[in-house]
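The next block holds one structure in the form of structure tokens; read it before the comments.
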Amino acid sequence: MYGQTNCWLHPDIKYVAVQTKLSGKDVFICTERAARNMAYQDFFAEDGKINIVAELIGQVRAASDSIAFGIMTSLFFFVSTDDE
């Protein structure tokens, strides 16, 4: 997603951290369904195979080295709630 400057996360949804082949050290955080879709778009070492390195529920936090893919700038995380 180009131009992304932040990311909203739901505290109850399960996210996965998946290893990419882009630089050998990049990890994407997304839903498992999104990872399955990317598995056929040349993001991973083997077509159709996902390398999940962690499963996260309500644990995703901003890290100093989190960057927005495509624009390579800092990415801020916000937790969405149903309270609003």
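Of note:
- Spin-label model distance (nm) - residue 14 vs residue 45, 7 Å beyond Cα toward Cβ: 2.4 nm
- Here residue 25 and residue 57 are evaluated by their C-beta separation; at R0 = 22 Å the FRET efficiency comes out at 0.35.
- Long-range HN-HN contacts of residue 16 with modeled amide H, under 5 Å: 30, 31, 32, 56
- Across region 38-52, rounded Karplus estimates of 3J(HN,Hα) from the backbone phi angles (6.51 cos²θ - 1.76 cosθ + 1.60, θ = phi - 60°) give 5, 4, 10, 10, 6, 8, 10, 4, 10, 4, x, 10, 10, 9, 7 Hz, Gly and Pro being marked x.
Read the figures in this text as sums done on the coordinates, not as results from a lab. The structure displayed is predicted, hence computed values, not measured ones. Backbone-built Cβ (ideal geometry, glycine too); neighbour counts: all protein chains shown.
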